[in-house]
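All remarks here apply to the structure that follows.
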Amino acid sequence: MRIVTVIGNRPQFVKAAAVSGPLRAEHEELLVHTGQHYDDELSAIFVRELEMPGPDVELQLGGGTNTAQTARMLAALGDLLGDERPDAVLVYGDTNSTLAGALAAAQARIPVAHVEAGMRSFDRAMPEELNRVVCDHVSDLLLVPSQGAADNLARESVAGDVRVVGDVMVDVARLLAPRARADDGPLRAAGVTAGDYVLATAHRAGTVDDPQRLARLVELLLGIGAPVVLPLHPRTRARLEAAGLLDRLRAGTTILPPLGYLAFTALLTRARAVLTDSGGVQKEAYLAGVPCVTLRDTTEWVETVQAGWNVLVDLDAQAARAALDRELPATRPELYGDGHAAGRVVAAMATLAR
Ligand code: UDP
């Protein structure tokens, strides 16, 4: 089969890194990068580190509002799919690139496969939640990480074929976390000792775009009562600079540039806890057995909360400190598959052959 894969941001590079190799062993893949994330440290570094094929097409469509960006992507991908006429389109996750890829394919009557289908935070104020819902309803093949995600899709009566395959990010974490965990370099560079610091990330619109919420985030991080290491997403850096908060935050935390996967995973696997508004990072903390405190009031990765390893605190500083001091559960069941999801994704793609 000829498959066009659409990616555009950091976690999609990680997901494609799991799938592209096995996919290319059986099919022809054209990897299209929309340019949603165009900074080297959010995109190209993953190609180098994760030894994945680089994008075959780079559309450079980053910037602008969600609506404008999605519209530009939809137009460009419509043209590209019209020229290429692949047998299927493959999309990952919940970004504007996911939605544009899926919708452009559905409109061109090309079968769509969605990896990480069925995830729901049930918060329609999140741009990602809209992308998830719309993408799932235009997809022909819905590849889900957990039974909970399959149940969500059954409740919504989606038209496509739903298959529980596990999470492809688990494949990457299982492969690379042991190597990353053994590397002290990133801890030394950050000036921290294993088990003594918290690793923080924040970049969602709902956390950083409103100056009042941004100020609450800053106070939460400064008052957490442990050394904080914060690899700073460019969006968050820009918002902190605009609000005049960057220097205040820098005075009480260790701010780093966005890190490559291995350095980030080294810091994550050795942290006392993780504070994050990221989806992928909640899941990776769980896999590493590191307690997570999520800076949101909903999550699509509900199983990590139910298992007792993740607590939702929104931006409540007191709740965050309490969550940091909590007792941890004795067990950590396998929630998102066995690390062989990519093989199942590739096998399922064959069902879309015309
Ligand atoms: N990540 C990284 N460097 C960083 C922060 C995160 O490599 O400085 C990785 C992380 O390990 C995970 C992915 O990026 O695999 C998560 O991406 P992000 O938080 O941007 O997106 P989300 O998962 O929230 O959609």
* To do: For the stretch 239-251, state whether one or more residues are under 30 Å from Arg124 (Cβ atoms) and part of a strand (DSSP E or B).
  => no
* Is it the case that the stretch 130-153 has a residue that's crowded, with 20+ Cβ neighbours inside 10 Å, hydrophobic (A, V, I, L, M, F, W, C), free of Cβ contacts under 8 Å to residues at least 60 places away in the same chain and within 16 Å of the ligand (Cβ to nearest atom)? -> yes
* Asked: For Glu28, all conditions in the list (1) free of Cβ contacts under 8 Å to residues at least 60 places away in the same chain; (2) under 21 Å from Gly82 (Cα atoms); (3) out of contact with any Lys or Arg (no Cβ under 7 Å at 6 or more places or on another chain); (4) surrounded by fewer than 21 Cβ atoms within 10 Å (Cβ to Cβ) hold save one; what is the number of the exception?
  -> (3)
* **Search result, residues across the stretch 299-354 that are touching a residue at least 60 places away in the same chain (Cβ under 8 Å) and small (Gly, Ala, Ser)** => Ala317, Ala320, Gly337, Gly339, Ala341, Ala342, Gly343, Ala348, Ala350, Ala353
* Asked: Do you know which of the residues in the stretch 244-264 that are surrounded by fewer than 16 Cβ atoms within 10 Å (Cβ to Cβ) and more than 16 Å from the ligand (Cβ to nearest atom) is farthest from Ala200 (Cα to Cα)?
  -> Gly244
* **Elements of type helices (runs of 4 or more DSSP H) in the stretch 1-105, at least 3 residues being within 16 Å of the ligand (Cβ to nearest atom) and of a type in the set (A, V, I, L, M, F, W, C)** => 10-26, 44-49
* To do: Could you tell me whether the stretch 163-177 includes any residue that is closer than 29 Å to Arg270 by Cα and touching a Ser or Thr at 6+ places or on another chain (Cβ under 7 Å)?
  => yes
* Asked: Yes or no: Leu176 within 19 Å of Glu300 (Cβ to Cβ), in contact with a helix residue (DSSP H, G or I) (Cβ under 8 Å, 6 or more places away or on another chain) and assigned to a helix (DSSP H, G or I)?
  -> no
* To do: List the number of the failed condition for His33; all other conditions in (1) crowded, with 21+ Cβ neighbours inside 10 Å; (2) in contact with a Ser or Thr (Cβ under 6 Å, 6 or more places away or on another chain); (3) not hydroxyl-bearing (Ser, Thr, Tyr) hold.
  => (2)
* Structure fact -> Of Asp314, Asp277, Asp338, Asp297, the only residue that is closer than 30 Å to Glu28 by Cβ, among the acidic types (Asp, Glu) and modelled with pLDDT of 95 or more is Asp338
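The values are calculated or read from the model by the stated rules, or taken from the named source; none is laboratory data. Just so we're clear, the structure is a prediction, and the values are computed from it rather than from any experiment. For neighbour counting, all protein chains shown are included, and Cβ atoms are generated from backbone atoms with ideal geometry for every residue, glycine included.
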